[in-house]
Each structure stands twice: as structure tokens, then as C-alpha cells.
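Q: The structure is given below, and queries will be raised subsequently.
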Amino acid sequence: MSCRTNEDEPQEQLCVASDTQRSHPLLHETEAETQFRVTARLRAMYADLLAEPVPAHLLKLIREVEIREASRHDA
């Protein structure tokens, strides 16, 4: 089975490599590309999350936690 290197291929496809294949330079390149894509997607998701408005019922809790953390660091 080969590794998915194209964004258009199904995401369910897995990459299975034997011990001898693990040292192959192409596998390391594919792992690096995959890690880069995962990191980029996570950063985009985090940015989207930060852009969302905070629900009003959570604002009070957030402020309480911030005050508690600030007092712990001041002590």
C-alpha cells in the first residue's frame, strides 16, 4: 500500500511501511510533508476558533480564571 501524498485522495487511506521501508528517504519526505499539512491545518483551526465570539456565559468564567492565575503569579 502506498502513502497518500495527494490532497484529492481519500483521507481514510493508511500508510503501512515495513522496517526496511522506514529508512527510505521518500518515506521521510512524505512524513515531513504530512506533518507540515497537519500543523498548517491545526493553526488554521486555532485561528478560526480565536475569531469566534466568546459566549457571554463563559466571559465571567474566563475573567475569574484570569484573576485567579494573576493572583497566583503575584504571590
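Q: Karplus couplings for the range 44-61 from phi (6.51 cos²θ - 1.76 cosθ + 1.60, θ = phi - 60°), rounded to Hz, Gly and Pro as x?
A: Per-residue couplings from phi come out as 5, 5, 5, 5, 4, 5, 5, 6, 6, x, 7, x, 4, 5, 8, 4, 4, 5 Hz.
Q: Something else now. Does the range 21-75 classify as rounded, prolate or oblate by the C-alpha gyration tensor (a ≥ b ≥ c root eigenvalues; a/c under 1.5 gives rounded; else a/b over b/c gives prolate, otherwise oblate)?
A: Details: a/c = 6.21, a/b = 2.37, b/c = 2.62.
Oblate.
Every number here is computed from the coordinates shown, using simple stated rules; none is lab data. Since the model is a prediction, treat every value here as computed from it, not as a measurement.
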